[in-house]
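To start, the structure itself, in structure tokens.
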Amino acid sequence: MRRDWLSRGLLWGALALYTVYTAGPFVWVANMSLRTTPEIMAAPYAPAWTPHWWKFVEAWTTSNYGTYLWNSVAICVASVVIVTLVGAMAAHALARYRFRGRRIVGAAIFSTIIFPPQITIIALFQIMVEYDLYDTRLGLMLVYVAIQLPLTVYLLEAFFARIPEALYEAAKIDGYGGIEVFWKITLPVGFPAIATTIILNFIHLWNDFLYAVVIISDDNKRTLPLGIQKFMGDQMEDIGMIATGMMIAVIPVVLFYAFFSERLIQGMTAGAVK
Amino acid sequence: MATVELSRVWKRYGQVPVIHDVSLRVEDGEFMVLLGPSGCGKSTTLRMIAGLESISEGEVRIDDRLMNGVPAKARDIAMVFQSYALYPHMNVRENLGFGLRRRSVPREEIAARVAKAAASLGLEPYLDRRPHALSGGQRQRVAVGRAIVRDPKVFLFDEPLSNLDAALRVSTRAELTGLHRRLGATMVYVTHDQVEAMTMGSRICIMQDGRVAQVGTPMEVYREPANAFVAGFLGAPPMNLLSGRAEPIGGGTELRVGEAVLRLPQPLPPGSVTVGVRPETLQPSGEVGLGRLEGRITSVEQLGAETIVAFELAGAATVRARLDNTFAGAIGEAIALPVRPGCLHVFDPETGALVLRA
Amino acid sequence: MDHRDEEARGRRIEVAAFLLPALLLFAAFTAYPVLRTFWNSLFEIRPNGNEIFVGFDNFREILTGDPVFRRAVLNTLVWSTVEPFIDVGLGLLLALALYTKVPFARFFRIAWFTPVLISTVVVAIIWSWIYNYDWGALNLMLRAIGLDGMTRAWLGDPATALPALILADSWKWVGFNMVVCLAALHSLPSEVMEAAELDNCGWWAKLCHVVVPMLRATLLNLLILAFISRMKVFDLVWVTTRGGPLWATETASTYTFKRAFEWRSFDLGYPSAIAVIWFLVVIAAVVVLTLLFRQRDRLEF
């Protein structure tokens, strides 16, 4: 009995230590986000005895984080809405209709899930330049829709295919045709899967750096990851301001997480579990 | 109110026919049961009436209007599915009204019709519930209610009771019969359960391998089966089907079944036959009838109200008899039961077709 | 007959309408760029639009005369073989700890999963600070326990930069593997774990003989997934070291990016060829891994 208690205590201690390891850096950055760079340089790990909330105001107004946040929100929301709708339509077609070429279309789209990004990114850059989409939010949004589309169709098709056919037959007898059943049956009945893909896509795009760095160069069109990164690597890193920017990028995700933790975990792991 | 008529209907998947030349007329206000084992084509036939399957050949008419190519929604039919197919994201009220909303029925009328259907099915307390919060029996009633509110020309049922437990099935059977009486509507009902067919149907259409085996009232198909398949499919225990030989004697016939000999007044050509006798027609009595079936008892099943006795007919197969509960025989004892006149069926062993009833 | 043709045509129109937006986007921003990259790889492409056909010269150059590419491949392969085992192994151990119902399991699970949701850019900045020579947490801790000799600029030293980045990346991804393992554990029939409990075998034996074999499919999946993701690693390197010092953290992705957009070489053909080679490597790896493990599975059952 004593040994049992001891080993459980040890296990719990190890887990607590690991929690410090995963959560500690957040606490540290959150702390720094409320301190000025001179304060941080003097004592990097001192708590923010006098929290400088004005730093968030300043980040917003003078450091352009307001613009970055707005760009991130606008581009991500637009991309997620479009990719969800377009992806759900395609998944509906693949799941509910038997037509020639169905398997080929599915295989072509799904196989690109594993493609490394560099196989498209140089050509995407060229296309963006050629069609005046380079350095535009529209261009980045289109790319975002395209890169999230295969996984979205894949996840939704698998779910839609499990909706019983009788539901569609009942709707057919009730008088609902091809487009209507998509709105009135597939979307509402498939809502759990759709919510999952919305979360997955949103987190991926919110955190994207690679495509943004290739397509966006103007400071006023930067998304949050780009905006934060801009401050890195300068001769005089304004650590305090970077930390504030990082919190602005992290807080929406954490808030989202606080409310929907189960669904979010489910969404993020959806692609991994067969 | 409407009639449903299928004439020479075929259904093929690719080259493979699954429905062969089916013709059937359902009269106005009739409760027609399509009965048969799984895979006999009864559901496919129903789905062709509904417009959920295309018709490869032949004609389907509802109310004398040609329905081939008319989409399901324009046929003015309602269907109750085996799985009920309730819309999971709508509550009962919305489920009931969904079909009416599409047909741009005025809002107040939808409400009135939903309320009326809900009242008649006892669904009022559940109108705001989603299907997952209902019991199996309640879901089944919502599915029926969804059909009722539409007030269609024809009701189609696809094994609507098979997902219910036994007790609920009995009471729901009575409810559906009552519904049919009340509405007086034309109904086509698919089932593999002969008790449902016998108790509910105005007429029964028995199907086998994509063909119509026999159409008739429940007692007709039971008493006068048109072939050995129908004879063997109906009744529990089913009709005894024994292989025997016919030999003409004088103006009549002698049927040899194992060592038993049955004498018929009618003439039959010589050769093999299948002899059918219903278990309940075999009763102990002093008479000889058409002849006696004799053998040793191999099992006695006492069901309370009655006793099912099986005995090994000398030189032939097992025969079952349905006797009353006073029967006192035991396994191994000899038994001899007369075949009553009018209760003997003779079938062609090749085609199964009825040759003679005696 | 006419009506049936009509119905079939109606269905075809519906299918086309549902698929068209997705197919257009797919064609324009996935299929076409892939093909164009293949095409590009055979050219030297100058920014003024001049395209000079060079055949397979780019490939020859990359495979025979480009030490940086070789270094990048080596780094990426090290990264993508080492990290999956850390991620999945640690993830499995943590999942088992939660499975045994320690107190505050829910809190632990949420805390451990948080890094998965954080932008890699943020992760990169956090860890570049942790690894800072002067005030980074790692060196401070080493000094605190008297190991001053071991302190260094972790990302500035070619010997430690790659392991340091692998550690930082696994900090982000362990939680993901933990959650998937936990879900898989919960989907196991509980009798199996109880039976192992009754057999009274040690936890290590239980891990090796009960848990790992039963979770084999999930663990393999996770390993393959981690392997493939690490083959694409970019953000973390780009924000912290840009492939330095001395190519110590150069990966296939960062090198492609560098040759395309950073070096003022203004040639998109050469990086396209790198991308094609790496694309083929990734596809080959996926195919081989899937075939390998599927083969094994078939033999076992």
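Cα convex hull, the protein assembly as shown: 265 Å³ per residue, rounded to a whole number.
Taking a quarter of the surface of the Cα convex hull of region B:159-237 gives a mean projected area of 5.7 nm². Cβ-Cβ distance of A:A16 and A:V73, R₀ of 45 Å, FRET efficiency by 1/(1 + (r/R0)^6): the value works out to about 0.80.
With contacts taken as Cα pairs under 8 Å and at least 6 residues apart, region A:63-230 reaches a relative contact order of 44 percent. Average the reciprocal distances over every distinct pair of alpha-carbons in chain A, invert the result, and give the Kirkwood radius in Å. The Cα-based Kirkwood calculation yields 21.8 Å. Near B:V80, the amide H atoms lying under 5 Å from its own belong to B:L156, B:F157, B:D158; only residues 5 or more places off or on other chains count, and H is placed 1.01 Å from N. Shown in residue order for region A:27-35 are the 3J(HN,Hα) couplings computed by the Karplus curve 6.51 cos²θ - 1.76 cosθ + 1.60 at θ = phi - 60°: 4, 4, 5, 4, 4, 5, 5, 9, 10 Hz (x for Gly and Pro). The convex hull built on the alpha-carbon positions of region B:1-92 has an orientation-averaged projected area of 7.2 nm². Shape descriptor for chain B: Rg over Rh equals 1.07 (Cα atoms; Rh from the Kirkwood inverse mean 1/r). Computed over the protein assembly as shown, the per-residue total of -39500 (n - 2.57) for DSSP H runs of n ≥ 4 gives a 222 nm mean residue ellipticity of -17000 deg cm²/dmol, rounded to 500. Put in line by how crowded their Cβ is, counting other Cβ atoms within 10 Å and starting with the fewest, B:I297, C:I45, C:I145 read C:I145, B:I297, C:I45. Distant-in-sequence amide contacts of B:L282, defined by a placed amide H-H separation under 5 Å and a gap of 5 or more residues or a different chain, comprise B:R322.
Working from the Cα coordinates of region B:233-357, the gyration tensor eigenvalues give, after taking √(5λ), semi-axes of 25, 15, 13 Å in decreasing order. What FRET efficiency do you get for B:E247 and B:V16 if R0 is 30 Å and r is their Cβ-Cβ distance, rounded to the nearest 0.05? According to the calculation, E is roughly 0.10.
Treating r as the C-beta distance of A:F191 and A:L6 and R0 as 35 Å, the FRET efficiency rounds to 0.10. Across chain C, Cα pairs under 8 Å and at least six residues apart give a relative contact order of 29 percent. Taking θ as phi - 60° and the Karplus parameters 6.51, -1.76 and 1.60, the scalar couplings of region A:238-255 work out to 8, 4, x, 6, 4, 4, 4, x, 4, 5, 4, 6, 7, 4, x, 5, 5, 4 Hz in sequence order, x denoting glycine and proline. Going by Cα centres, region C:79-150 and region A:46-80 are how many Å apart? Rounded to whole Å, the Cα centres lie 26 Å apart. A simple spin-label model places pseudo-atoms 7 Å from Cα toward Cβ; at A:T62 and C:E262 they are separated by 3.1 nm. Taking a ≥ b ≥ c as the square roots of the eigenvalues of the Cα gyration tensor, region B:70-152 is classed as oblate, since a/c reaches at least 1.5 and a/b does not exceed b/c.
Over what distance in Å are the Cα centres of region C:209-227 and region C:253-278 separated? The distance from the Cα centre of region C:209-227 to that of region C:253-278 comes to 35 Å. Could you list the residues of region B:50-89 with an amide nitrogen less than 20 Å from a label point located 7 Å from the Cα of C:R9 in the Cα-to-C-beta direction? Residues B:54-55, B:68-72 fall inside that zone.
Cross-linked pairs A:K230/C:K232; A:K55/C:K101; A:K184/B:K116; A:K221/C:K258; B:K11/B:K116: Cα-Cα separations exceed 31 Å for A:K55/C:K101; B:K11/B:K116. Karplus-derived 3J(HN,Hα) values for region C:163-179, using 6.51 cos²θ - 1.76 cosθ + 1.60 with θ = phi - 60°, are x, 4, 5, 4, 4, 4, 5, 5, 4, 6, 9, 4, x, 4, 5, 4, 5 Hz; glycine and proline are entered as x. Once Rg and the Kirkwood radius are both taken over the C-alpha atoms of region B:203-269, their ratio Rg/Rh works out to 1.08. Relative intensity of region A:66-123 on a log10 scale, I(q)/I(0) at q = 0.21, 0.27 Å⁻¹, equals -0.96, -1.04, per a Debye sum over C-alpha point scatterers of equal strength in the absence of solvent. Reducing region B:122-200 and region A:87-134 to their Cα centroids gives an inter-centroid distance of 47 Å. Expressed as a fraction of 2.2 N^0.38 Å, the value expected for a compact globular protein of N residues, the C-alpha radius of gyration of chain C is 1.28.
Residues whose amide H lies under 5 Å from that of B:A2, counting only those 5 or more places away or on a different chain, are B:G29, B:T186; hydrogens are built 1.01 Å from N in the peptide plane.
Any read-out appearing in this document is the output of simple, stated calculations on the displayed coordinates, not a laboratory observation. This structure is a prediction, so every number in the text was calculated from the model and none was measured. Backbone-built Cβ (ideal geometry, glycine too); neighbour counts: all protein chains shown.
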